[in-house]
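The values are calculated or read from the model by the stated rules, or taken from the named source; none is laboratory data. It should be emphasised that the depicted structure is a prediction, and the values quoted were computed from it without experimental measurement. Because the Cβ atoms are built from the backbone with ideal geometry, glycine has one as well, and the counts that use them run over all protein chains shown. SASA here: full protein model, heavy atoms, side chains in, ligands and nucleic acids out. Shrake-Rupley method; radii C 1.70, N 1.55, O 1.52, S 1.80 Å.
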Amino acid sequence: MVDKPEKTFGPIATVEERSVRAIRNVGRGLISLLRPGQWPKNVLAVSLPLLDLEIWSLAALWRVAWAVAAFTVASSIVYVVNDLADRNRDRTHPTKRYRAIASGLVSIPEVLLLLTVQFGLLVGLLSLQPLSSSWPIGAYLVLTTCYSAALKHVPLVDVFVVAFGFGLRMMQGYVAVDTEVSGWLLTSVFLLCLLLILGKRRQELVTTDGAHRPALRGYTIPLTDQLMLLNAVLSVGSYLLYLRTEAPLGNYALATAVLTAPLAMFGMFRYLQMVLVHDGGENPVRMLLRDPALVINALLLVAVSGGFMLAAHLAA
């Protein structure tokens, strides 16, 4: 029996065309390692201190932009290192096996070259500001190194470490603009991040039955459900306390709290619905940015609270 030739679509690619295609695939794989889809959370978390309009200036905006860029590079380094360390475990995951390193799209030497470039870029960015302005980034790198080495395998500790990483992003913004830290806002952001991470752990339990991540042996779906509900309540409560006590709202603090409380609660209800009912939450950033109800609700929340902050600033 004679084997039939494979069906081709279009002319057979030349050696040069195959080489160009391979280079493009490697380039896309290296870019995917940097997680550009996760960069918006750096912009949001680091820029939160700018809620206080009193500190706005060209110098402050430049320092925040620098902090966002530096933290984006630092977090991208962490993503690459984690993918490199977890490549064997990722190959057993239904979706993570398609990641660039686990799938073999990029080689180990190419990954190491990428890390070298990233470290060089980070050092260059950090040299633009005094070292005292970069301690949250240093703390983040130390914390994530400990996480990759051991802490990510410890149930409960793993989610707290990741949430602390978001707190350090926010601290970097405060350090960059040299202003007083809002304790209640930092607490609210930490609790919200903890909620999102627990939602991600819950989805991992649903899809992999806890086999992919060793720390998942310390979780159950009922436990994550209860922890998420606890975090949701505390996050909204600390947000309202921030509005009433520390937010730069002046005489508009009560009105802002009253009008934004329903929006904050609806956003929390919608997120819990998507995770607990529809088994979402695997990629919190993508879910938050693509769900129309959450996007519209967030825009309304920003418009109302931003409007009152602007009114309080003009009245000062």
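If N is the number of residues in the stretch 24-97, what value comes out of its Cα radius of gyration divided by 2.2 N^0.38 Å? If you can, show how the numbers build up before the last one.
Details: Rg = 16.4 Å, N = 74, 2.2 N^0.38 = 11.3 Å.
Here the answer is 1.45, to two decimals.
Starting from the 7 Å offset along Cα-to-Cβ, what nm value, one decimal, do you get for the label separation of HIS278 and LEU61?
Modelled inter-label distance: 3.6 nm.
How much length would be gained if the chain were fully extended between THR92 and LEU254, taking 0.36 nm per residue of separation minus their Cα-Cα distance, in nm to one decimal?
Details: separation 162, 0.36 × 162 = 58.32 nm, distance 5.17 nm.
The THR92-LEU254 span can extend by a further 53.2 nm.
Might you work out the accessible area of THR14 for me, using a 1.4 Å probe with all protein chains in place, and round it to the nearest 10 Å²?
THR14 exposes around 60 Å² with every protein chain in place.
Can you count the Lys pairs in the chain whose Cα atoms are under 26 Å apart, with each pair 8 or more apart or on different chains?
6
Can you compute the equivalent ellipsoid semi-axes for the stretch 21-181, i.e. the square root of 5 times each eigenvalue of the Cα gyration tensor, sorted largest first and rounded to whole Å?
30, 18, 13
For the stretch 290-304, just list the computed ³J(HN,Hα) in residue order, Karplus coefficients 6.51, -1.76 and 1.60, θ = phi - 60°, integers in Hz, with x standing in for Gly and Pro.
Taking θ as phi minus 60°, the curve returns 10, 7, x, 5, 5, 5, 5, 4, 5, 5, 5, 4, 5, 5, 5 Hz for the stretch 290-304.
Calculate, for ALA303 and TYR79, the FRET efficiency according to 1/(1 + (r/R0)^6) with r their C-beta to C-beta distance and R0 41 Å; round to the nearest 0.05.
The formula returns an efficiency of 0.80 here.
May I ask for the equivalent-ellipsoid semi-axes of the stretch 174-243, computed as the square root of five times each C-alpha gyration tensor eigenvalue and listed largest first in whole Å? Write out the running numbers ahead of the final one.
On the way: eigenvalues 183, 42, 10 Å².
For the stretch 174-243, the semi-axes come out at 30, 14, 7 Å.
May I ask you to rank HIS278, HIS153 by accessible area, largest first, using a 1.4 Å probe over the protein chains only? Spell out each step's value before the answer.
Numbers: HIS278 120, HIS153 65 Å².
Of HIS278, HIS153, the descending order of accessible area is HIS278, HIS153.
Ignoring ligands, DNA and RNA, please state the percent of accessible area on the stretch 88-206 from carbon and sulfur, probe 1.4 Å. Could you put the intermediate results ahead of the total?
Values: 3920 of 5520 Å².
C and S atoms contribute 71 percent here.
Each label point is 7 Å from the Cα along the Cα-to-Cβ direction; what then is the distance between the points at SER132 and THR207, in nm?
4.5 nm
Can you pull the one-decimal nm distance between simple spin-label points at LEU113 and ALA150, each 7 Å off the Cα toward Cβ?
3.6 nm
Solvent-accessible area of ILE55, probe 1.4 Å, all protein chains present, reported in Å² to the nearest ten, please.
Counting only protein heavy atoms, ILE55 exposes about 40 Å² to solvent.
How large is ³J(HN,Hα) for each residue in the stretch 113-126, as worked out from phi by the Karplus curve 6.51 cos²θ - 1.76 cosθ + 1.60 (θ = phi - 60°), to whole Hz, x for Gly and Pro?
5, 4, 5, 4, 5, 5, 4, x, 5, 5, 4, x, 5, 5
Which option, [x] 21.3; [y] 20.5; [z] 15.6, is the value of mean projected area of the Cα convex hull in nm² that was calculated from these coordinates?
[x]
Under the 0.36 nm per residue contour assumption, what length would be gained going from the current alpha-carbon distance of LEU314 and ILE296 to full extension? Please report the intermediate quantities before stating the final value.
Numbers: separation 18, 0.36 × 18 = 6.48 nm, distance 2.66 nm.
Extending this stretch completely gives an extra 3.8 nm.
Would you mind calculating the relative contact order of the chain from Cα pairs under 8 angstrom and at least 6 residues apart, reporting the percent as a whole number?
So the answer I get is 18 percent.
Kindly report the accessible area of the stretch 188-316 per residue (heavy atoms of protein chains, probe 1.4 Å, no ligands, DNA or RNA), in Å².
Computed with neighbouring chains in place, this is 49 Å² per residue.
Just the number please: accessible area per residue for the stretch 42-134, 1.4 Å probe, all protein chains included, in Å².
50 Å²
From largest to smallest, what semi-axes in whole angstrom does the stretch 202-307 give when each is the square root of 5 times an eigenvalue of its alpha carbon gyration tensor?
32, 16, 10
Mean residue ellipticity at 222 nm from the helices of the chain, using -39,500 (n - 2.57) per DSSP H segment of n ≥ 4 over the full residue count, to the nearest 500 deg cm²/dmol?
Mean residue ellipticity, 222 nm, calculated: -24000 deg cm²/dmol.
How many angstrom lie between the C-alpha centres of the stretch 229-286 and the stretch 142-212?
When both Cα centres are located, 18 Å separates them.
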